[in-house]
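K.L.:
The structure follows.
The values are calculated or read from the model by the stated rules, or taken from the named source; none is laboratory data. All values derive from a computational prediction rather than experimental measurement. All Cβ positions, glycine included, derive from the backbone under ideal geometry; neighbour counts span all protein chains shown. Only protein heavy atoms, including side chains, enter the accessible area calculation; ligands, DNA and RNA are left aside. Shrake-Rupley method; radii C 1.70, N 1.55, O 1.52, S 1.80 Å.
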Amino acid sequence: MSEIIELLAQFFAVMIIITLHEYAHARVACWCGDPTAKYAGRMTLNPIKHFDPIGALMFAVAGFGWAKPVPVNPNNFRKYKSGSFWTSAAGIIMNYLTAFLFFGIAALGYMYVIPEFYGTYMEIFLMAFLGSMVIYSLSFCVFNLLPVYPLDGFRMVDVLTKKRGKTYWFLRQNGYYVLLGLILLHFLAGYVPVLGYIDVLGYVLNFVRNIFGYPIEAFWKWIFKLCGKVLPITM
């Protein structure tokens, strides 16, 4: 039963994270002059509109995945390059801000809320949900920085390059297969330790926790110290 509750909590966390990610894309695209996502009904906080079954499954399996891409027509941007760049970057920035906010919420939850439910299923749910909101947000943030199509990192590089070269066109045409391969490799590395040496996403996850997560933890540790408290969790 505990495993089912944890999976449910992780599912809710993933749905919130991908919804905020795609909403940020749609909102910034509209600000930059392209209402395509708005007219397609994607500038919404309704998670069903952004749900991608395969991407969600990959999240459940390996902690990395994707949502249904927001439709964007860069020809509508008032400034093509800046509009394309910031629309692509919006989801990544949103994920980092989500991790930042929920780390503080998780710390408060561990201090004041979770002890009230000690020994119950609600304790399991809250711990899994809050932890997933932080780690999955950071994972999704850095995962989307990878320059592999159709991730945001590729789109950010795409707008700043001349779209030439064999590597560019390989990633453009085979990006989905590359992503699936990386995610499955990460999953298998948990069962076949030798694969850990070539587990690219495993290295990315460690990078997330050690580098991207450091300023978040440092900030909240400082805030709690100012309040005369000790931060009850670590990244």
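K.L.:
Of L145, L101, M156, which is farthest on the positive side of the dipole of segment 62-181, counting Cα position, with +1 on Lys and Arg Cβ, -1 on Asp and Glu Cβ, and the Cα centre as origin?
P.N.:
Highest projection toward the positive end goes to M156.
K.L.:
Something else about it: Quick one: if the Förster radius is 25 Å, what FRET efficiency do C227 and I93 give, using the C-beta to C-beta distance and rounding to 0.05? Don't skip to the answer; put the middle values down first.
P.N.:
Numbers: r = 27 Å, r/R0 = 1.09.
For R0 = 25 Å, the calculated efficiency reads 0.35.
K.L.:
Let me ask something else. Please report the spacing between the Cα centers of segment 146-219 and segment 27-46 in Å, no decimals.
P.N.:
Taking the Cα centre of each part, segment 146-219 and segment 27-46 sit 27 Å apart.
K.L.:
Take every Cα pair under 8 Å in the chain that's 6+ residues apart, average their separations, divide by the length, and report that relative contact order as a whole percent. Provide the component values of the computation, followed by the final result.
P.N.:
On the way: 311 pairs, mean separation 48.5, N = 235.
Relative contact order comes out at 21 percent.
K.L.:
Can you tell me, using C-alpha contacts under 8 Å and at least 6 residues apart, the relative contact order of segment 148-228 as a whole percent? Intermediate values should be presented prior to the final figure.
P.N.:
Values: 35 pairs, mean separation 16.7, N = 81.
Reported relative contact order: 21 percent.
K.L.:
Choose one answer from V70, V208, V194: the residue with the largest mean-square fluctuation in a GNM of the chain with alpha-carbon springs under 10 Å.
P.N.:
Its mean-square fluctuation being the largest, the pick is V194.
K.L.:
Going by accessible area, probe 1.4 Å, with all protein chains left in place, what is the ranking of T19, T167, T120, largest first?
P.N.:
Working: T19 5, T167 100, T120 55 Å².
I get T167, T120, T19, largest accessible area first.
K.L.:
Additional query: Report the label-to-label distance for K38 and Y176 in nanometres (one decimal), using points 7 Å from each Cα along the Cα→Cβ vector.
P.N.:
3.0 nm
K.L.:
Could you sort E6, E116 by accessible area so the largest value comes first, with the probe set to 1.4 Å?
P.N.:
On the way: E6 80, E116 145 Å².
The ranking, largest first, comes out as E116, E6.
K.L.:
Let me ask another. Please report Rg (one decimal) and Dmax (integer) in Å for the Cα set of segment 124-163.
P.N.:
14.6, 50
K.L.:
Just want to confirm a number: the relative contact order over segment 54-154, from Cα pairs under 8 angstrom separated by 6+ residues, in percent. All intermediate terms of the calculation are to be shown ahead of the outcome.
P.N.:
Working: 83 pairs, mean separation 30.2, N = 101.
This gives 30 percent for segment 54-154.
K.L.:
Here's a follow-up. About the Cα centre of segment 31-172, how large is the charge dipole given +1 on each Lys and Arg Cβ and -1 on each Asp and Glu Cβ? Please answer in debye to the nearest 20. Intermediate values should be presented prior to the final figure.
P.N.:
Numbers: 13 positive and 6 negative charges, 222 e Å.
That gives a dipole near 1060 debye.
K.L.:
Still on this model: Most mobile of F212, F129, F117 per a Gaussian network model of the chain (Cα springs, under 10 Å)?
P.N.:
It is F117.
K.L.:
Please give, to one decimal in nm, the separation of the simple spin-label points placed at Y191 and N75, each 7 Å out from Cα toward the Cβ.
P.N.:
A separation of 4.7 nm, rounded to one decimal place.
K.L.:
Also: Write down the accessible area per residue of segment 139-235 in Å², having rolled a 1.4 Å probe over the full set of protein chains. Don't jump to the answer; show the numbers that get you there.
P.N.:
Working: 6020 Å² over 97 residues.
Normalised by residue count, the accessible surface of segment 139-235 is 62 Å².
K.L.:
Of A89, N76, T44, which is farthest on the positive side of the dipole of segment 30-127, counting Cα position, with +1 on Lys and Arg Cβ, -1 on Asp and Glu Cβ, and the Cα centre as origin?
P.N.:
N76
K.L.:
Considering only protein heavy atoms and a probe of 1.4 Å, how much of the accessible area of segment 9-106 is carbon and sulfur, as a whole percent? Before the final figure, lay out each step's value.
P.N.:
Details: 3040 of 4420 Å².
Looking at segment 9-106 in its full context, I get 69 percent from C and S.
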